[in-house]
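Trainee: Below is one structure. I have some questions about it.
The values are calculated or read from the model by the stated rules, or taken from the named source; none is laboratory data. This is a predicted model, so every value here is computed, not measured. Heads up, the Cβs are rebuilt from the backbone with ideal geometry, glycines too, and the neighbour counts pull from every protein chain shown. Calculation scope for accessible area: heavy atoms of the full protein, side chains included, ligands and nucleic acids excluded. Shrake-Rupley method; radii C 1.70, N 1.55, O 1.52, S 1.80 Å.
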Amino acid sequence: MLRRIRALKSISALVLAGAVAFTMAGCGSSDGSAGSSGSGGSGGSSDGKIVMGFSQVGAESGWRTANTKSVQESAQEAGIELKFSDAQQKQENQIKAIRSYIQQKVDVIAFSPVVESGWDTVLKEAKNANIPVILTDRAVDSQDTSLYKTFLGSDFVEEGRKAGQWLVEEYKDSTDPVNIVQLEGTTGSAPANDRKAGFQEVISADSKFKIIASQTGDFTRAKGKEVMEAFLKSNPDIDVLYAHNDDMGLGAIEAIEGAGKVPGKDIKIITVDAVRDGMQALADGKINYIVECSPLLGPQLMDLAKKVVNGEQVPTRVVTEETTFTQEQAKEALPNRKY
Amino acid sequence: MTAPAPILRMTGIGKQFPGVKALDGVDFRLLPGEVHALMGENGAGKSTLIKVLTGVYDIDAGEIELAGRKVAFAGPQAAQRAGISTVYQEVNLCTNLSVAENIFIGREPRRLGRIQWRRMRQRAAELLARLEIDIDVSAPLSSYSLAIQQMVAIARALDIEARVLILDEPTSSLDAGEVAQLFRVMRRLKEQGIAILFVSHFLDQIYEISDRMTILRNGRLVGEHLTSELSQIELVGKMIGRELADLERLGAKPAAESSESSAGKPVPLLEARELGRTGAIEPFTLTIHEGEVVGLAGLLGSGRTEIARLLFGADHAGTGSLRIGGEQVSLRTPRAAVSRKIAFCSENRRAEGLIPDLTVRENIILALQAARGWTRPIPRRRQDELVDKYIKALSIRPPDPDQLVKNLSGGNQQKVLLARWLILEPRLLILDEPTRGIDVGAKAEIQRLVAELSDGGMAVLFISAELEEVLRLSHRVGVLRDRRLVAQLENGDDLTTDTLTETIASGARS
Amino acid sequence: MSRTLRPLLNPVLRHRMLWPVVILAALLLLNLFFTNGFFKVEMKDGHLYGSLIDIVRFGAPLILVSLGMTLVIATCGIDLSVGSIVAISGALACLWISELGDQNSIGGVLTAVALGLGLSVALGAWNGFLVAGIGIQPIIATLILMVAGRGVAQLITDGQIITVNSSPYKLIGGGYWLTLPFGIIIVIAVLALTAFLTRRLALGLLIESVGGNAEASRLAGIRSRGVLMMVYAFCGLCAGIAGLMISSNVSSADGNNAGLWIELDAILAVVIGGTSLAGGRFSLGGTVLGALIIQTLTTTIYSIGVPPETTLLFKALVVTIVCLLQSPAFREKAFRRRRRPAAAASASAEEEAGEERVGVSA
Ligand SMILES: Nc1ncnc2c1ncn2[C@@H]1O[C@H](COP(=O)(O)OP(=O)(O)OP(=O)(O)O)[C@@H](O)[C@H]1O
Ligand SMILES: [Mg+2]
């Protein structure tokens, strides 16, 4: 009896622990937890310099670290005083940070929301204090769009479309059916849903393109490799692999090589992100095409901030400046990639 | 005496466990207003009969009628609702809950859905008062001795409005006083027309309280008799299925006095000087020599077990010193005691003794293996030798070393625990109620074994609530009262259970 | 079932590994319909190659972690930190290798492996210390490292994925030896070692005893603290090896994702394998079987093309079925209900006895 109770307790604690540690996925790879906290600083604008309060999600991935660095560096270049704080994946930390920015009367607030919902109250407080807000990287689900000035971030659907367009272009001369396998991101995450939808939209125009298998690889190399091996076993002729991020693509390359095929030749590979390892593989000819999902939105952010503070009109949706890379472009770009 | 219609009738009951036919065509009936003793050796099937009756197990064959209606309970709760209140042999309480909660668990007094804690404590105290127990009912059950826990289980059963009360070895860890009190309550219930089923291996108790008895042997019915019409000798003969040879041995004193000369002369094996522990036992001084059997007598909670635990390092002594073989030691863990060849067979086999999910073999070799360390396993052949030897010596049944211990009958479990310590061949063997729940035959067997071992030079500290047993085996008897060792008496011809009882009561030093 | 067959079949039907084996077989058969030559194992360039081999190869890290977890659970404990230890050990090894002048130097790789495993054992021992030395409840004690450990792994990798290019390191998780994937060889070695320690030596008896009744074990003279320390350290070691394997397989260390949620899969594998969360008896073979079921289930999902949105549901369904069939209480209930009316209707006692045996065994 006692035992049973103890076992039950253990299980419920387990579930709890799982829930606590559960986090959501962002652009690029999925997230973990913890990280280092940033500095607060004091005072509002004194010497006419624009003061920006920025609340980052955390430091959960290489993509995110590059993102943080970009924001910090471009603030310095643009002569904007940056108050940076790291929410360590917790919405409450982020709300606290935003409130403190409001108290400090900063000129503009920017943040990457940890989750989509629950922002109305604190955003209203900012609005009442007449402090403009800019969202970066991730959106919020507020009905009232007047609560923030603009949302700066990648357009995942567009990324999917770009991947599809390259594919259509690549096979425009062929009439044979093209068998595609897809490695999806973490099930239910925005990048996974959108990259899938955008890609589908473009290739469905031609019936020769067939997605013969699609599974989640959780944005990780290990899963990417494992799922790809299974694909290779159950589907003898795969022409193209579309992976929702570089890491899964890199894992899949190992699987393809293990099966005695040549990645990039026997199976064409398209991925999204353009992190350094991915670019290297692209330059080495193992990947055929990468759609960039850039974390380097610092310069654009500073631009928008200046405009907003000066009362200029800005579009409510600004897409990060992103490009695509072929193998040749990768060789050129590789030496001065930042991440 | 014209018998009224039975309240309970079981016919042709059969129950098969893998490899063991526990019950085979057993008939049993229980009349209202009687105390009915269920008799049999360890493993005869008494507890199993009770468990199939109350729905713990399904029956394979037979029928059960309660007050003329055929029943098949889905579980103990269902049986309880039908008016059968049971105290099982292995008392199943939540030791981390309070005494009051244990008594009322599952049927707490409520008003408007909320538990009335105060009323619950009050009721619990009243119930225990009926058994002449006066304790703090809001303390966790684990803070009380096994005997008190047993009484709590009984109190719980008494509180349930029942037509049938079943008590499976309720007295095995009780003293004469508690037993008397329990019997008074039983007689009162009996007068109210409640039918009581009672199991015990103490023949005196059976003859004192029961009206009729049913005897089982190896899962079969031997017979049903009026207690007044069957002598003790006949009863034992029917239980064992052999004639009186064994009983003769029972009467004879095991070779107790013979080793008297060896006791007391050389360096004592164990010497406790002013050893004590606050709240458990006042400082005491005790020496035990090789080959000596020292008995400890005293009432419930008088500090018998506490002395044993200190000498074994199960608890830490707060004061005093301990010498073993002349060498000053401080026993910080049981392990330290075991490495000095001291063994302690706890009275609470369920909580402090057996590992229920392990086999008989594993339980028996456990202490020996622990002493050797895990890197030196006992070779399989040696295990077989040892285990077989003690299965035979203690007649553990079924004699299957690979049976799980939890599937053994209560008495057989006790024998397994005893075997665990005997194979260690300790220099000092501390036995706390070693014959708890053990049948007459096996009890004699064990007593003989203890006497034999002490002849061979082993020192024994023997604790038992049964004074006859203490007297029969000990060279010397320590008397405890209110957590103090008040007297140490040489066991001569002038020492009888009466003088012992007197000393316990008066607490006089002699 | 005929009367003569029953005694012969009963031991088989009653065996506690029956249902896991049946489920595993069913999953494998299901694959046969979707993948041609699923059961085929062939030689390719001197390597054994085939779906069955893949299942064991990919399941290797889970099997390892589950083996360690089995012993911990047998002591009535639990180790939630194995996922984090997986990440840390891989991260440390990869960091070390990535800073080698020559990533292919055997000595360097061996040092990296030793570092990774050493730290894993230390972390496991830390868990053991919290549980046995200080007396913190295992679930809480290991929760600390579960959360903090991810942070440590990220600290080691600096939040990045460390990619290495070292063929000796690659061998651990991706290479072959004697025609077999090296990972399988490691699993066999660790399984043999565990079996030796617990079943040939007496460690298993002491573990089961401590898990079955801690106080009784103490009074029997078992040094339960030492046993617990050892078990947690061993669990750390197993997780460490798994971590090396996972990172070696993809030649990179991912502090965020490596071994994520593996503790839950491991606990599941142990439970499916018939070891009770309440401690006591454990079964290494059962655990391996449990881990293989989980891995086969994953592979099945890929090969039969369960859409990703329903993957979790599908998994949950299969796991629920396995767990129900594994539970004696459930089987008892399910079959008891069927038996009751039959028993009541039948007059012959002999007949009823027969019914019961069928019920229990079916
Ligand atoms: N769950 C079980 N599984 C297998 N065998 C069992 C189980 N329960 C009891 N037995 C066996 O059934 C027989 C009868 O046991 P039971 O507990 O009824 O004996 P008992 O008469 O109560 O003995 P004791 O006086 O020792 O309490 C024993 O041989 C025992 O080993
Ligand atoms: Mg019994």
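Trainee: Looking at this model, which pairs from A:286/C:40; A:261/A:331; A:225/C:170 are more than 19 angstrom apart at the alpha-carbon? Could the numbers behind the result be given before it?
Mentor: On the way: A:286/C:40 30 Å; A:261/A:331 23 Å; A:225/C:170 14 Å.
Correct reply: A:286/C:40; A:261/A:331.
Trainee: Rank these by accessible area, largest first, 1.4 Å probe: A:338, B:51. Before the final figure, lay out the partial values.
Mentor: Values: A:338 140, B:51 60 Å².
From most accessible down to least: A:338, B:51.
Trainee: Would you mind classifying region C:281-340 by shape? Square roots of the alpha carbon gyration tensor eigenvalues, ordered a ≥ b ≥ c; an a/c under 1.5 is rounded, otherwise it is prolate if a/b is larger than b/c and oblate if not.
Mentor: oblate
Trainee: Using protein chains only and a probe of 1.4 angstrom, how many square angstrom of residue A:49 are accessible, to the nearest 10?
Mentor: The value for residue A:49 is about 90 Å².
Trainee: Apply the Karplus parameterisation 6.51 cos²θ - 1.76 cosθ + 1.60, with θ equal to phi minus 60°, to every residue of region B:272-283 and state each ³J(HN,Hα) to the nearest whole Hz, in sequence, with x for glycine and proline.
Mentor: With the stated coefficients, region B:272-283 comes to 9, 10, 6, 6, x, 8, 4, x, 10, 8, 5, x Hz.
Trainee: For the protein assembly as shown, with all protein chains present and a 1.4 Å probe, just round the carbon and sulfur fraction of the accessible area to a whole percent.
Mentor: 55
Trainee: With charges set only on the Cβ (+1 for Lys and Arg, -1 for Asp and Glu), what does the dipole of region B:276-363 come to about its Cα centre, in debye to the nearest 20?
Mentor: On the way: 11 positive and 10 negative charges, 34 e Å.
For region B:276-363, the charge dipole is close to 160 debye.
Trainee: List the pair-distance distribution P(r) of chain A, using every Cα-Cα distance, as the percent of pairs falling in each 20 Å bin from 0 up to the bin containing the longest distance, rounded to whole percents.
Mentor: 29, 50, 20, 1
Trainee: Counting every Cα pair in region C:16-346, what percent are over 29 Å apart?
Mentor: Working: 22545 of 54615 pairs.
Counting every Cα pair in region C:16-346, those more than 29 Å apart make up 41 percent.
Trainee: Can you tell which of A:316, A:326, A:230 lies farthest toward the positive end of the dipole of region A:213-339, using +1 and -1 charges on the Cβ of basic and acidic side chains (Lys, Arg; Asp, Glu)?
Mentor: Sorting the options by dipole projection puts first A:316.
Trainee: I would also like to ask the following. So with the 1.4 Å probe, I'd like the accessible area per residue for region B:60-125, rounded to whole Å².
Mentor: Values: 3720 Å² over 66 residues.
Result: 56 Å² per residue.
Trainee: Set Lys and Arg Cβ to +1 and Asp and Glu Cβ to -1, take the dipole of chain C about its Cα centre, and tell me which of C:104, C:163, C:137 lies farthest positive.
Mentor: It is C:137, whose Cα lies furthest towards the positive end.
Trainee: Could I ask something else about it? Ordering C:271, B:477 by accessible area with a probe of 1.4 Å, largest first, what comes out? If you can, show how the numbers build up before the last one.
Mentor: On the way: C:271 50, B:477 0 Å².
Heavy-atom accessible area, descending, gives C:271, B:477.
Trainee: Also, quick follow-up: Provide, for q = 0.12 Å⁻¹, the log10 of I(q)/I(0) from a solvent-free Debye sum over equal Cα point scatterers in chain B.
Mentor: -1.18
Trainee: Work out which residues of region B:370-414 lose at minimum 10 square angstrom of accessible surface when the other protein chains are put back, relative to the chain isolated, with a 1.4 angstrom probe, and list them by number.
Mentor: Buried-area filter returns B:370, B:374, B:375, B:377.
Trainee: Ignoring ligands, DNA and RNA, what accessible area per residue does chain A give at 1.4 Å, in Å²? Walk me through the intermediate numbers first.
Mentor: Numbers: 14090 Å² over 339 residues.
Roughly 42 Å² per residue, with all protein chains present.
Trainee: With a 1.4 Å probe, how much accessible area is buried between chains A and C, both sides summed, in Å² to the nearest hundred? Before the final figure, lay out the partial values.
Mentor: Details: alone 15940 and 17580 Å², together 30110 Å².
Summed over both sides, the interface buries about 3400 Å².
Trainee: Please give the FRET efficiency for residue B:96 paired with residue B:191, using the beta carbon to beta carbon distance and R0 = 35 Å, rounded to the nearest 0.05. Don't skip to the end; give the middle numbers.
Mentor: Details: r = 37 Å, r/R0 = 1.07.
With a Förster radius of 35 Å, E is 0.40.
Trainee: Per DSSP helix of 4 or more residues, -39500 (n - 2.57); summed, then divided by the residues of the protein assembly as shown. What does that give at 222 nm, rounded to the nearest 500?
Mentor: Details: 44 runs with 574 residues, N = 1211.
Value at 222 nm, helices only, nearest 500: -15000 deg cm²/dmol.
Trainee: Taking the Cα centre of chain C as the origin, how large is its charge dipole in debye, to the nearest 20, when only Lys and Arg (+1) and Asp and Glu (-1) carry charge on their Cβ atoms?
Mentor: The calculated dipole for chain C is roughly 1160 debye.
Trainee: Name the residues whose placed amide hydrogens come within less than 5 Å of the amide hydrogen of residue B:21, ignoring near sequence neighbours (fewer than 5 apart) on the same chain.
Mentor: When sequence neighbours closer than 5 places are left aside, there are no close amide H contacts.
Trainee: Summed for both chains, how many Å² of accessible area, to the nearest 100, are buried between C and B with a 1.4 Å probe?
Mentor: Working: alone 17580 and 22470 Å², together 37280 Å².
The buried area between C and B, both sides summed, comes to about 2800 Å².
Trainee: From Cα coordinates alone, what are the radius of gyration and Dmax values for region C:86-142 in angstrom?
Mentor: 14.9, 46
Trainee: Another one. So what are the three principal axis dimensions of region A:210-339 from its Cα atoms, in whole Å, longest to shortest?
Mentor: Dimensions of region A:210-339 along the principal axes of its Cα atoms: 60, 30, 24 Å.
Trainee: Output ³J(HN,Hα) for region A:129-144: one whole-Hz value per residue in order, computed from phi by the Karplus curve 6.51 cos²θ - 1.76 cosθ + 1.60 with θ = phi - 60°, and x for Gly and Pro.
Mentor: 7, 6, 10, x, 10, 10, 8, 10, 6, 10, 9, 10, 9, 4, 5, 8
Trainee: For residue A:209, what is the net charge nearby, where nearby means another residue's Cβ is under 15 Å from its Cβ and Lys, Arg count +1, Asp, Glu -1?
Mentor: Charge balance in the 15 Å sphere: -2.
Trainee: Right, something else. Among C:201, C:276, C:237, whose Cα lies farthest out toward the positive end of the dipole of region C:16-346, if unit charges sit on the beta carbon of Lys, Arg (+1) and Asp, Glu (-1)?
Mentor: Working it through, the farthest residue towards the positive pole turns out to be C:276.
Trainee: Using alpha carbons only, how many degrees (0 to 90, rounded to 10) separate the axis of helix C:138-157 from the longest principal axis of chain C?
Mentor: 30
Trainee: Can you give me the Cα centroid spacing of region B:262-315 and region B:389-413 in angstrom?
Mentor: What the calculation gives is 30 Å, centre to centre.
Trainee: Could I ask something else about it? If you average the alpha carbon positions of region B:84-148 and of region C:43-93, how far apart do those two centres end up, in angstrom?
Mentor: Spelled out, the Cα-based centre of one part sits 48 Å from the other.
Trainee: Another question about this same structure. Under 5 Å between amide H atoms, partner at least 5 residues away or on a different chain: which partners does residue B:489 have, H built in plane at 1.01 Å?
Mentor: Residues meeting the amide H criterion: B:477, B:478, B:479.
Trainee: Still on this structure, I have one more. Report ³J(HN,Hα) in whole Hz for each residue of region C:158-164, in order, from the Karplus equation J = 6.51 cos²θ - 1.76 cosθ + 1.60 where θ = phi - 60°; Gly and Pro get x.
Mentor: These are the phi-based 3J(HN,Hα) values: 6, x, 9, 9, 8, 9, 10 Hz.
Trainee: Give me the accessible area of residue B:374, 1.4 Å probe, in Å² rounded to the nearest 10.
Mentor: So the heavy atoms of residue B:374 present about 60 Å² to solvent.
Trainee: Over region B:348-425, how many percent of alpha carbon pairs lie in each 5 Å bin up to the one with the longest distance?
Mentor: Histogram of Cα-Cα distances, whole percents per bin: 3, 18, 32, 27, 15, 5, 0.
Trainee: Taking accessible area as the heavy-atom solvent-accessible surface of the protein chains with a 1.4 Å probe, which residues of region A:225-254 lose no less than 30 Å² upon going from the isolated chain to the full protein assembly?
Mentor: Residues shielded by partner chains are A:225, A:226, A:229, A:230, A:233, A:234, A:254.
Trainee: OK, next. Can you list the residues, at least 5 places off or on another chain, whose amide H is less than 5 Å from the amide H of residue A:152, using H built in the peptide plane?
Mentor: A:135, A:136, A:137, A:318
Trainee: Per residue, what accessible area does region B:298-348 have, given a 1.4 Å probe and all protein chains present, in Å²? Provide the component values of the computation, followed by the final result.
Mentor: Details: 1830 Å² over 51 residues.
It amounts to 36 Å² per residue over region B:298-348.
Trainee: Check each residue of region C:277-317 and keep those whose accessible area, probe 1.4 Å, is at least 50 Å² smaller with all protein chains in place than in the chain alone; give them in order of residue number.
Mentor: By number: C:281, C:302, C:308.
Trainee: Same structure again: Find the Rg to Rh ratio for the protein assembly as shown, where Rh is the Kirkwood radius over alpha-carbon pairs and Rg uses the same atoms.
Mentor: Values: Rg = 37.3 Å, Rh = 35.0 Å.
Rg divided by Rh gives 1.06.
Trainee: Considering only the other residues whose Cβ falls under 14 Å of the Cβ of residue B:66, what net charge follows from Lys and Arg at +1 and Asp and Glu at -1?
Mentor: Once all neighbours under 14 Å are counted, the net charge is +4.
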